[in-house]
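The values are calculated or read from the model by the stated rules, or taken from the named source; none is laboratory data. Computed from a predicted model, the values in this text were never measured in an experiment. Backbone-built Cβ (ideal geometry, glycine too); neighbour counts: all protein chains shown. Surface areas here come from the heavy atoms of the whole protein model, side chains and all, with no ligands, DNA or RNA. Shrake-Rupley method; radii C 1.70, N 1.55, O 1.52, S 1.80 Å.
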Amino acid sequence: MNWIFLLLAGLCEISWAVGMKYSHGFTRLLPSAFTAIMMILSVVGLSLALRTLPLGTAYAVWTGIGAVGTAIFGIVVFGDSASALRILCLGLIVAGIVGLKLVSGESGS
């Protein structure tokens with residue numbers, strides 16, 4: 001269950017980053033409110049996952065989900081660069097996330 005909390009927290013991490021882009025420097029009310037709510041939910045999800053997951057693993061996975069997800073969103077929605085080197089680097093982050101999950105020793109309960 002804690003891995004599910006961590007995944008949801010990572011998805012909220014992506015959401016607040018995208019919301020921040022749409023908030024235009026917190027000058028637009030609804031995107032700003034959405035961003036703040038997603039930030040809170042992201043941190044709450046991380047804290048719930050930390051009840052049993054190792055700190056370093058959980059934090060790295062949380063930020064990795066946010067970084068990769070936000071980069072993919074930027075590529076798909078905003079037309080950010082999708083160069084081979086950029087995709088390779090994102091793949092390395094994903095490989096690190098999977099590796100940390102595999103060696104964490106946590107069964108996911």
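Of note:
- Per-pair calculated FRET efficiency, R0 = 30 Å: Leu7 and Ser83 via Cβ, rounded to 0.05: 0.65
- Volume per residue of the C-alpha convex hull in region 1-99, rounded to whole Å³: 93
- Accessible area of region 31-109 divided out per residue, in Å², using a probe of 1.4 angstrom: 56
- With a cut-off of 19 Å on the backbone N, the residues of region 6-27 near the modelled label site 7 Å out from Ser47 along Cα-Cβ are 6-14, 16.
- Centre separation in Å (Cα based) which lies between region 1-64 and region 72-94: 20
- Accessible carbon and sulfur surface of the chain relative to its total accessible area, %, 1.4 Å: 77
- Relative contact order of region 1-52, taken over Cα pairs closer than 8 Å and 6 or more residues apart, is 51 percent.
- Per-peptide average of other Cβ atoms within 10 Å, ordering 14-26, 58-70, 90-102 highest first: 58-70, 14-26, 90-102
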